[in-house]
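Colleague: Below you will find the structure I want to go over with you.
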Amino acid sequence: MSQHDYVLGNQSGSAFRADLNLALAALVSQNSGATEPATPYAYMIWLDTTAGLVKERNAANEAWVIIGDLGQPYWGMSTTAYVDAAAAALAAAYAAADAAHAAAANPHAVYVKHALATAANDFLVASGAGAFVKKTLAEVQTLLGIAGLTYEENYLAGDVPLTLPDTFYDGPSLSLSAGTWKLDGSIFVYNGAGAARNITVKLWDGTTAKSGGECRLDTTRRLDVYRGGIVVLASLTTWKISAAADGTGVEILTTPINNNAGCADTASYLSAVKIA
């Protein structure tokens, strides 16, 4: 074990030879020692005999980076031959698995392909243990209960002024058949009064409300108010979004006030999707 600062100063012949021999000894021993070299250099190798580690000085010459274990073959790092052997073993395992499936005549395992599937949207559905049948997209939708979804929507046809205080006025509405429906809608409310107004909005069938909410609008302010919910209907029923204000001067508008090119009569709407 030897270390050296690798600086050979001007000195007599015998002293120079002794100093050079010390530098060469440090070089061939990879600067091994129980403590780090007193004069490190960037990319210097140091065999740390205290920790049993192989270390390399970083490019900035300010810290040591561990690169291996002393006494281990290849300093504990995998060789190319080892990596190649592992890859070959993995490939052999895949090949053996494929051969086993082919020998068992099991076309349903491993790969998503089957002689039954003849079109891009075909599905394979289990019909029993180890047995499959082909189903079209429409047939799968029927199995999942999502075939033939019914969709309805309606947009408010004209602005609706809330003429009387504390009285509900109807916005967009839909007449829906029996079944389970997912409703979503919004109304665009504008306060043109000279004072703030409290506004209540609800999604209802004229008797029972599914969802409701309240907001307060300062004068000349406007707001999109969303309402939604799932309703189960026994017969044809009309659902609507209605609003009431605690004073006059409030309207449900059909069209945004600013930058409204291309979106006329779309500000207040109600849509529904039949899900069962």
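The values are calculated or read from the model by the stated rules, or taken from the named source; none is laboratory data. Everything quoted here is computed from the prediction, not taken from an experiment. A quick note on method: Cβ atoms are made from the backbone with ideal geometry, for glycine too, and the neighbour counts reach across all protein chains shown.
Colleague: List the pairs whose first member sits in region 197-215 and is farther than 22 Å from residue 161 by Cβ, whose second member is of a type in the set (Ser, Thr, Tyr) and at pLDDT 95 or above, and whose Cβ atoms are under 7 Å apart, counting only residues at least 6 apart or on separate chains?
Modeller: That search, which allows pairs on different chains as well, returns 205/237; 205/238.
Colleague: What residue, among those in region 127-139 that are at pLDDT below 80 and within 31 Å of the chain's Cα centre (by Cα), is farthest from residue 276 (Cα to Cα)?
Modeller: Among those residues, the one meeting the criterion is 137.
Each row is one residue, and each column tells you yes or no for (1) surrounded by fewer than 15 Cβ atoms within 10 Å (Cβ to Cβ); (2) of a type in the set (Lys, Arg); (3) in contact with a Pro (Cβ under 6 Å, 6 or more places away or on another chain).
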position: 190; (1), (2), (3): no, no, no
position: 194; (1), (2), (3): yes, no, no
position: 202; (1), (2), (3): no, yes, no
position: 210; (1), (2), (3): no, yes, no
position: 236; (1), (2), (3): yes, no, no
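Colleague: Identify all residues within region 183-236 that are part of a loop (DSSP other than H, G, I, E, B) and either closer than 24 Å to residue 249 by Cα or among the aromatic types (Phe, Trp, Tyr) (or both); write none if there are none.
Modeller: Result: 192, 193, 194, 195, 196, 206, 218, 219, 220, 221.
Colleague: A further question on this structure: Given the residues 173, 186, which is the only one that is out of contact with any Asp or Glu (no Cβ under 9 Å at 6 or more places or on another chain), among the hydroxyl-bearing types (Ser, Thr, Tyr), surrounded by 13 or more Cβ atoms within 10 Å (Cβ to Cβ) and at pLDDT 90 or above? Can you show your working first?
Modeller: Numbers: 186 fails: out of contact with any Asp or Glu (no Cβ under 9 Å at 6 or more places or on another chain).
Result: 173 is the single residue among 173, 186 that is out of contact with any Asp or Glu (no Cβ under 9 Å at 6 or more places or on another chain), among the hydroxyl-bearing types (Ser, Thr, Tyr), surrounded by 13 or more Cβ atoms within 10 Å (Cβ to Cβ) and at pLDDT 90 or above.
Colleague: Is it the case that region 143-159 has a residue that's within 30 Å of residue 181 (Cβ to Cβ), hydroxyl-bearing (Ser, Thr, Tyr) and under 31 Å from the mean Cα position of the chain (by Cα)?
Modeller: yes
Colleague: Looking at the structure I just gave you, is residue 105 hydrophobic (A, V, I, L, M, F, W, C) and either modelled with pLDDT of 75 or more or in contact with a strand residue (DSSP E or B) (Cβ under 8 Å, 6 or more places away or on another chain) (or both)?
Modeller: Spelling it out, it is not the case that residue 105 is hydrophobic (A, V, I, L, M, F, W, C) and either modelled with pLDDT of 75 or more or in contact with a strand residue (DSSP E or B) (Cβ under 8 Å, 6 or more places away or on another chain) (or both).
A quick yes/no check of all residues on (1) under 21 Å from residue 70 (Cβ atoms); (2) surrounded by 12 or more Cβ atoms within 10 Å (Cβ to Cβ); (3) at pLDDT 90 or above:
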residue: 2; (1), (2), (3): yes, yes, no
residue: 6; (1), (2), (3): no, yes, no
residue: 19; (1), (2), (3): no, yes, no
residue: 32; (1), (2), (3): yes, yes, yes
residue: 35; (1), (2), (3): yes, no, yes
residue: 44; (1), (2), (3): yes, yes, yes
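Colleague: Has region 156-167 got any residue that is surrounded by 14 or more Cβ atoms within 10 Å (Cβ to Cβ) and either among the hydroxyl-bearing types (Ser, Thr, Tyr) or assigned by TED's automatic domain parsing to the domain that holds residue 124 (or both)?
Modeller: No: region 156-167 contains no residue that is surrounded by 14 or more Cβ atoms within 10 Å (Cβ to Cβ) and either among the hydroxyl-bearing types (Ser, Thr, Tyr) or assigned by TED's automatic domain parsing to the domain that holds residue 124 (or both).
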